[in-house]
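Below is one structure, written out as C-alpha cells; the observations come after it.
The values are calculated or read from the model by the stated rules, or taken from the named source; none is laboratory data. Quick caveat, the model's predicted, so the values are computed rather than measured. Here the Cβ positions follow ideal geometry from the backbone for every residue, glycine too, while neighbour counts run over all protein chains shown. What goes into the accessible areas is simple: the full protein's heavy atoms, side chains included, and nothing from ligands, DNA or RNA. Shrake-Rupley method; radii C 1.70, N 1.55, O 1.52, S 1.80 Å.
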Amino acid sequence: MAVQISPSILSADFARLAEEAAAVESAADWLHVDVMDNHFVPNLTLGLPVVESLLRHAKLPVDCHLMIEDPDRHAPPFAEAGAGSVTVHAEAVKAPVRTLRAIRAAGARSGLAVNPGTAIESYDDLLPEIDMLLLMTVEPGFGGQKFLDLVMPKLRRARSMVAKRGGSVWLQVDGGVSAETIERCAEAGADVFVAGSAVYGADDPAKAVRALREQAETATAHAAWAAGR
Ligand code: DX5
Ligand code: ZN
C-alpha cells in the first residue's frame, strides 16, 4: 500500500474548518479529525454535529479518531454520517468486535487505536475485524507534543503481525510526526501518517504535505518490510 498522509485539523483554525480542509485537499489523502470528550483525554474538541458539517464541505475522505469514552455507543453514528474511516481506542472500547463490525456495516473503514503504553499482542486475533491499526506516538489529547521513540519497537512488531495476516491492515502513526520523525516511522512499518502541527503550522500546508509524502516514500523504498511490494 502506498504512503498516505492524513493532516490533523486539530492544529487548524477551528473557526475556518472548511477553508483549512480545502488548504490540503490537493496534496493529502485524508482529513484527520480528532474527537475528544474531556474524559478519555483531558481535552475537548468537537463532536458529531461539527463532523457532519465538515463532511458537507470537505472533498477529502474524513478519518475520525475518536478519543472518547463509550465508543461502542458513539462510534457507529460517525460512520453512518459518512466518515471514510472511524477509529476507536482499545483502552475505551468494551465490545470491539461488535463496534468494529458496526463501523464497517455503516460503510466506513474500521480503525483500532492504541496508546503508547498499550501492547498490541492481545489484539492479534482482532486483526480480521480491523482495517487500520493506529499506534499513538504521543499520549493522546494535544497537538504539538514530542514524538515518543519508545513506540518504535512496537511499530516494528505491528508491521510483522500485520504481515503474517497478509498485510492488508493499514498502520497509522499519530503524534509528533514531522520532517524529523516521518522517515523512521516509514522505515519501521507505518504507511498512514497523521501530521497536525507539521502541516498546519507551516506557511503552505499543501506543500508541507507533499514534502512529508516524499520523505515517507523514500524511506519506505529503503525499508526491509516493504521489499517486494
Ligand atoms: C493527538 C491527536 C493528533 C494530533 C497530532 O492526540 O490524536 O492527531 O493532532 O498533532 P501533532 O502532529 O502536532 O503531534
Ligand atoms: Zn489523532
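Could you list all residues from segment 181-196 that are part of a helix (DSSP H, G or I) and either touching a Gly at 6+ places or on another chain (Cβ under 8 Å) or open to solvent by 30 Å² or more (accessible area, probe 1.4 Å) (or both)?
Listed by number, the residues that qualify are Glu183, Arg184, Glu187.
Looking only at residues that are hydrophobic (A, V, I, L, M, F, W, C) and part of a loop (DSSP other than H, G, I, E, B) in segment 1-23, which one is nearest to Pro140 (Cα to Cα)?
The qualifying residue nearest to Pro140 (Cα to Cα) is Ala12.
Take the conditions more than 24 Å from Val35 (Cβ to Cβ), open to solvent by less than 70 Å² (accessible area, probe 1.4 Å) and part of a helix (DSSP H, G or I) and apply them to Val199. Does it pass?
So Val199 fails the test.
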